[in-house]
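Accompanying notes for the structure given below.
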Amino acid sequence: MSYQDHIARTDQLIRSKSGTWDGISAESVARMRLQNRFQTGLDIARYTATIMRNDMAAYDADPANYTQSLGCWHGFIGQQKMISIKKHFGTTKGKYLYLSGWMVAALRSEFGPLPDQSMHEKTSVPALIEELYTFLRQADARELGGLFREVDAARAAGDAARESETLSKIENFQTHVVPIIADIDAGFGNAEATYLLARKMIEAGACALQIENQVSDEKQCGHQDGKVTVPHEDFLAKVRACRYAFLELGIEDGIIVTRTDSLGAGLTKQIAVSKTPGDIGDQYNSFLDCEEIDPATARNGDVILNRDGKLLRPKRLPSNLFEFRKGTGEDRCVLDCINALQNGADLLWIETEKPHIEQIAGMVDRIREVVPNAKLVYNNSPSFNWTLNFRQQVYDAWAAEGRDVSAFDRAGLMSASYDETDLATEADERIRTFQRDSAKRAGIFHHLITLPTYHTAALSTDNLAKDYFGDQGMLGYVAGVQRKEIRQGIACVKHQNMSGSDIGDDHKDYFAGEAALKAGGKDNTMNQFSEAA
């Protein structure tokens with residue numbers, strides 16, 4: 001409904017109350033409605049699922065239409081990302097938010113900082129989704145509030161052209177509310193536990209859930225050792241639980257991202273159930289590291305497989321886990337992905353140990369032989385040393401071409417002494433175009449960085465602490481923070497406005513009129529930044 005339609009309908013409603021509602025302004029109601037477009041998390045999930053589905057179709061038509069996101073651990077962080085994106089690019093199209101289970105564990109748990117092992121409170125995940133959308137909705141209210149003030153100023157000045165231009169901006173306003181891809185880890189328990197958590201996450205606004213094929217109670221960060229996967233049927237039960245949660249809540253376009261950790265996971269806790277040779281359970285078991293045995297040597301508690309008439313005993317560790325054969329990771333990833341896509345998954349996530357386009361593409365090519373439109377979400381992880389990895393990739397490429405690399409120490413390429421070399425320049429260019437190139441070559445629809453703001457918060461705090469508590473004193477803050485905020489047009493330099501003070505003043509006007517005691521008067525020190533942001 002347009003701004004003017006809201007005003008007209010509300011005015012009609014007010015008139016129908018025989019004068020008892022004459023203290024209500026129809027235009028003020030219209031403004032509040034536009035500032036609160038999304039009434040529930042399900043409204044958000046439904047709206048953002050459509051956006052994401054359209055983006056997936058656009059990528060299928062042209063891989064140049066890949067999408068991106070950055071990980072968030074607080075609503076303010078997500079809000080500032082989207083405000084910055086609108087400021088710099090004029091649109092939020094193709095830009096999402098990612099909710100990282102790692103950051104929830106490290107930064108949002110009541111137990112304090114925890115490793116990424118599903119030990120944090122699972123309720124903190126839907127709580128963060130709700131918080132993110134609360135801040136994004138406030139970003140809408142703040143920007144629209146500024147436009148409403150411009151309309152009032154134009155009217156007061158009798159400037160009809162400016163009023164019309166601003167009203168057009170209001171009618172064509174683009175929300176800061178974008179899709180969130182939310183990490184549900186390994187489901188925090190069995191399939192029922194997964195369903196219950198998925199429902200809460202969707203009710204909070206999540207349109208896309210990312211679930212991994214690790215054992216829930218043995219879950220590890222994807223870039224650490226000791227990962228244990230589950231048989232396909234166990235994983236698919238959780239995938240179906242997520243789909244049921246979407247459908248129960250009326251989100252028919254909900255997106256499920258299935259993540260495989262098989263590339264770096266050499267262990268399994270269970271032997272898969274197999275009913276017929278070659279079925280999915282048998283394929284899972286075929287990767288187990290086994291030894292042929294004589295039945296007479298079988299021990300109590302042994303698991304015995306019959307394969308091609310031979311009795312095989314999977315190798316079992318003291319932890320009671322079973323090992324896969326070395327070098328089978330890529331084959332297991334391909335099988336995981338094909339099986340997931342054939343059983344309800346929408347997007348894939350292959351957790352890798354390094355950012356290497358051809359490694360990813362090699363697996364995707366095999367997946368696409370079976371499922372031609374397979375698409376990936378890819379973790380551009382801070383766990384990778386991007387500088388070293390890409391310098392080594394260039395070094396290896398140059399060596400293969402016969403170029404002289406004797407001036408470089410391959411193991412020491414991280415050294416700052418190489419920063420100005422041609423090798424470092426080419427590596428940086430490969431990093432710059434990694435997302436674009438891998439979207440085209442390796443089927444990556446969505447690129448994300450899981451933990452960027454964890455690292456930026458640490459870096460900026462280190463710089464401020466070094467200067468402020470050192471010789472720079474207050475200049476450390478003014479030159480290093482505030483002056484940059486002003487010069488770069490960072491809205492938060494006016495922190496009272498960002499926290500909602502002006503929105504509150506607008507409401508005081510609506511509610512009390514001339515009697516309103518407002519915060520934004522001439523003595524408000526935020527007026528010192530009237531030309532900023």
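The values are calculated or read from the model by the stated rules, or taken from the named source; none is laboratory data. Quick caveat, the model's predicted, so the values are computed rather than measured. Positions of Cβ are generated from backbone atoms using ideal geometry, with glycine treated the same way; all protein chains shown enter the neighbour counts.
Restricting attention to the stretch 404-413, does a residue exist that is free of Cβ contacts under 8 Å to residues at least 60 places away in the same chain and basic (Lys, Arg)?
The answer is yes; a qualifying residue exists.
Looking for whichever is part of a strand (DSSP E or B), within 23 Å of Gly205 (Cα to Cα) and either of a type in the set (S, T, N, Q) or within 22 Å of the chain's Cα centre (by Cα) (or both) here; the options are Tyr98, Tyr133. Which one fits?
One residue alone meets the criteria, Tyr98.
Would you mention how many residues in the stretch 471-487 are free of Cβ contacts under 8 Å to residues at least 24 places away in the same chain and surrounded by 13 or more Cβ atoms within 10 Å (Cβ to Cβ)?
Adding up the residues that qualify gives 8.
Have a look at Thr260, Thr328 and point out the one that is farther than 27 Å from Leu99 by Cβ, β-branched (Val, Ile, Thr), out of contact with any His (no Cβ under 6 Å at 6 or more places or on another chain) and crowded, with 16+ Cβ neighbours inside 10 Å.
Answer to the check: Thr328.
Filter the stretch 4-51 down to the residues that are under 19 Å from Tyr510 (Cβ atoms) and touching an Asp or Glu at 6+ places or on another chain (Cβ under 6 Å) and list them by number.
Ile7, Ala26, listed by residue number.
Only one residue in Ile51, Ile14, Ile7 is surrounded by 18 or more Cβ atoms within 10 Å (Cβ to Cβ), over 31 Å from the mean Cα position of the chain (by Cα) and part of a helix (DSSP H, G or I). Which one?
Among Ile51, Ile14, Ile7, only Ile7 is surrounded by 18 or more Cβ atoms within 10 Å (Cβ to Cβ), over 31 Å from the mean Cα position of the chain (by Cα) and part of a helix (DSSP H, G or I).
Does any residue in the stretch 445-462 that is of a type in the set (Val, Ile, Thr) come within less than 8 Å, Cβ to Cβ, of a residue that is surrounded by fewer than 17 Cβ atoms within 10 Å (Cβ to Cβ) and outside any strand (DSSP E or B) six or more places away or on a different chain, and which pairs are these?
Final answer for the pair search is Ile449/Pro382; Thr450/Pro382.
Does Arg436 count as at pLDDT 95 or above and either surrounded by 14 or more Cβ atoms within 10 Å (Cβ to Cβ) or not assigned by TED's automatic domain parsing to the domain that holds Gly78 (or both)?
Considered against the rule, which asks whether it is at pLDDT 95 or above and either surrounded by 14 or more Cβ atoms within 10 Å (Cβ to Cβ) or not assigned by TED's automatic domain parsing to the domain that holds Gly78 (or both), Arg436 comes out as yes.
Kindly provide the set of residues from the stretch 483-509 that are over 23 Å from Leu136 (Cβ atoms) and either touching a strand residue (DSSP E or B) at 6+ places or on another chain (Cβ under 7 Å) or of a type outside the set (Val, Ile, Thr) (or both), ordered by number.
Once the filter is applied, which keeps residues that are over 23 Å from Leu136 (Cβ atoms) and either touching a strand residue (DSSP E or B) at 6+ places or on another chain (Cβ under 7 Å) or of a type outside the set (Val, Ile, Thr) (or both), the stretch 483-509 yields Arg483, Lys484, Arg487, Lys508, Asp509.
Give all pairs with beta carbons closer than 6 Å in which a residue from the stretch 237-249 that is under 15 Å from Ala186 (Cα atoms) meets a residue that is in a helix (DSSP H, G or I); count only pairs at least 6 apart in sequence or on separate chains.
Ala237/Ala191; Lys238/Ala191; Lys238/Thr194; Ala241/Ala191; Ala241/Thr194; Ala241/Tyr195; Cys242/Ala198
Could you tell me which numbered condition Gly222 fails, if it satisfies all but one of (1) touching a Pro at 6+ places or on another chain (Cβ under 8 Å); (2) modelled with pLDDT under 90; (3) among the small types (Gly, Ala, Ser)?
Status for Gly222: all satisfied but (1).
On the given criteria, is Ala427 surrounded by fewer than 21 Cβ atoms within 10 Å (Cβ to Cβ), farther than 30 Å from Ala237 by Cβ and in contact with a helix residue (DSSP H, G or I) (Cβ under 9 Å, 6 or more places away or on another chain)?
Here the answer is no, as Ala427 does not meet what is asked.
For the stretch 276-301, give me the residue count where each residue is touching a Phe, Trp or Tyr at 6+ places or on another chain (Cβ under 7 Å) and aromatic (Phe, Trp, Tyr).
Final tally of qualifying residues: 1.
Determine which single condition Ser84 fails, assuming it passes every other condition in (1) under 28 Å from Asp506 (Cβ atoms); (2) hydroxyl-bearing (Ser, Thr, Tyr); (3) in the same structural domain as Pro372 (by TED's automatic domain parsing); (4) surrounded by 17 or more Cβ atoms within 10 Å (Cβ to Cβ).
(4)
When you scan the stretch 147-204, how many residues do you find that are farther than 24 Å from Ser84 by Cβ and touching a Pro at 6+ places or on another chain (Cβ under 6 Å)?
So the answer is 2.
Residues to consider are Asp43, Asp60; find the one that is farther than 27 Å from Asn379 by Cα and either modelled with pLDDT of 95 or more or crowded, with 19+ Cβ neighbours inside 10 Å (or both).
Every option except Asp43 fails the conditions.
Would you mind finding the one in Ser124, Ser109 that is free of Cβ contacts under 8 Å to residues at least 40 places away in the same chain, touching a helix residue (DSSP H, G or I) at 6+ places or on another chain (Cβ under 6 Å) and over 30 Å from His507 (Cβ atoms)?
After ruling out the rest, the residue left standing is Ser124.
Residue check: is Glu353 modelled with pLDDT under 95 and charged (D, E, K, R)?
yes
Is the stretch 231-238 home to any residue that is among the small types (Gly, Ala, Ser), under 24 Å from the mean Cα position of the chain (by Cα), at pLDDT below 90 and at negative phi?
The answer is no, given that none of the residues of the stretch 231-238 is among the small types (Gly, Ala, Ser), under 24 Å from the mean Cα position of the chain (by Cα), at pLDDT below 90 and at negative phi.
Can you give me the ranges of the strands (runs of 3 or more DSSP E) entirely in the stretch 300-411 with at least 1 residues that are closer than 30 Å to Ala241 by Cα, touching a strand residue (DSSP E or B) at 6+ places or on another chain (Cβ under 8 Å) and not hydrophobic (A, V, I, L, M, F, W, C)?
Result: 376-379.
Looking at Thr91, Thr67 in this structure, which one is of a type in the set (Val, Ile, Thr), crowded, with 17+ Cβ neighbours inside 10 Å and under 25 Å from Arg432 (Cα atoms)?
From the options Thr91, Thr67, the qualifying one is Thr67.
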